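Below: one structure, written as structure tokens.
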Amino acid sequence: MEKIIIDNVELHLSEPDEVPMRWVGQQELITQVQAAWLVIGNEDLPLSPRLVGRPGVGKTTLAYHAGKALNRPVYLFQATMDTRPEDLIVTPVISENGKIKYTASSVVSAMITGGVAIIDEGNRMSEKSWASLAPLLDSRRYVESIVAGIKIKAHPEFRLCTTMNDDASTFELPEYIHSRLQPQIHIDFPERDEELLILKSNLPFANEEILEYVVEFLQAAHEADERYSVRDGINIARYALKRLAGTNHGVPGSGPETQALYLKEAASMILDDAASAYFKELMDDSDPEE
């Protein structure tokens, strides 16, 4: 673990995240995120965008991909309603020899190394926690650790982005925080072709017929203003494929009746009976005898 000394206090840094996330949606969204991070002059400052959309539309994947595309180390921080200000900055832990060891959060580690920090589901975190980051998000670009008694300045290459879910289980953040998390980039459900590409990218071992059924299900759900996301579709297809693989039919040669049975079962178990009904309608519509 990398260490650094700030004002005679030794900080242990977190490692950047290396995860298999690859954005296969609209390139324009990556361009928007990277444009917000761009610095175009000596007096300019990078912006800290917030990516807003329903759960499962790929906000975290987009942010991670945008950071990696700039060849920067990317650090993920999962926000929760229990996140405390010190969790975002520096936490003291007892080391093996009984001494206090100060550990930098992934956000502060990104600040020090010049990486990209992604605060995931940022509006699940309270105003109190966001307030500790307020000076980092304006021209001051630093945070203060009360527990370690130090002020930590951000590397010039440091960038920050947060994702926020558009649902009722989140905090309403005050204006002084919103004004620092700009611009807002909205991510909607993908179009049909894009949704199929995402499914193929995540499930390269799946047969085409199952993926087509799942895409039709998702498109019908989007049209009906249901909240079912492409992540739900991936989980439904993945579970149906596992069920198929667990039978003697095998995945490639499975009959349409068996596939339909497991897709409806997966939709019911992963989402609800209403989702299963969408698959039943799709199967009935595709049956020439109906």
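Descriptive notes on the structure:
- In the chain, the longest principal axis of the Cα atoms and the axis of helix 230-245 are about 50 degrees apart.
- Working note: Karplus 6.51/-1.76/1.60 with θ = phi - 60° gives the stretch 5-14 the couplings 9, 10, 6, 6, 10, 7, 10, 9, 8, 7 Hz, where Gly and Pro are set to x.
- Pairwise Cα separations in the chain fall into 10 Å bins from 0 onward with the following percentages, short to long: 6, 25, 27, 20, 14, 7, 1, 0.
- Gain on full stretching of the segment that runs from VAL39 to ALA134 - 0.36 nm per residue minus C-alpha separation: 32.2 nm
- Partners for LYS99 among lysines (Cα-Cα distance below 17 Å; same-chain residues under 8 apart left out): LYS3
- Derived scalar couplings between HN and Hα for the stretch 86-97 equal 5, 5, 7, 10, 9, 10, x, 10, 8, 7, 4, 8 Hz in order, rounded to whole Hz, by the Karplus curve 6.51 cos²θ - 1.76 cosθ + 1.60 (θ = phi - 60°), x for Gly and Pro.
- Counting only lysines at least 8 places from LYS280 when in the same chain, those with an alpha carbon closer than 27 Å to its own are LYS200, LYS242, LYS264.
- Taking amide H positions as modeled 1.01 Å from N, with prolines and chain starts lacking one, the residues under 5 Å from PHE171 and 5 or more places away or on another chain are ARG124, MET125.
- For the options GLU195, GLU216, GLU208, a Gaussian network treatment of the chain with springs between C-alpha atoms closer than 10 Å singles out GLU208 as fluctuating the most.
- Probe 1.4 Å, protein heavy atoms only - accessible area per residue of the chain in square angstrom: 51
- Extended-chain gain in nm, criterion 0.36 nm per residue less alpha-carbon gap, GLU144 and THR80: 20.9 nm
- HN-Hα J in Hz across the stretch 20-26 - Karplus 6.51, -1.76, 1.60, θ = phi - 60°, x for Gly and Pro: x, 10, 9, 7, 10, x, 5
- Amide hydrogen neighbours beyond the local backbone of ILE150, cut-off 5 Å, H modeled: SER145
- A simple charge model with +1 on the Cβ of Lys and Arg, -1 on the Cβ of Asp and Glu and nothing else charged puts the dipole of the chain at about 1760 debye relative to its Cα centre.
- The angle separating the long axis of helix 59-69 from the principal Cα axis of greatest extent in the chain is about 60 degrees.
- The trypsin sites (Lys or Arg not before Pro) of the stretch 86-168 meeting both criteria, a DSSP state outside H, G, I, E and B (loop) and at most 11 other C-beta atoms within 10 angstrom of the site's C-beta, are LYS99.
- Modelled spin labels at GLU10 and LYS151, positioned 7 Å past Cα toward Cβ, are 2.6 nm from each other.
- Folded to 0 to 90 degrees: helix 27-37 orientation relative to the chain principal axis, Cα: 10
- Percent accessible area from carbon and sulfur atoms, the chain, protein chains only, probe 1.4 Å: 49
- Straight-distance crosslink candidates among lysines, where the alpha carbon sits under 16 Å from LYS68 and sequence neighbours closer than 8 are dropped: LYS59
- Additional length obtainable on full extension of the chain from ASP284 to LYS101, 0.36 nm per residue less Cα span: 59.6 nm
The values are calculated or read from the model by the stated rules, or taken from the named source; none is laboratory data. A quick note: this is a predicted structure, and the numbers were derived from the prediction, not measured. Because the Cβ atoms are built from the backbone with ideal geometry, glycine has one as well, and the counts that use them run over all protein chains shown. Heavy atoms of the whole protein, side chains included, go into the accessibility calculation; ligands, DNA and RNA do not. Shrake-Rupley method; radii C 1.70, N 1.55, O 1.52, S 1.80 Å.
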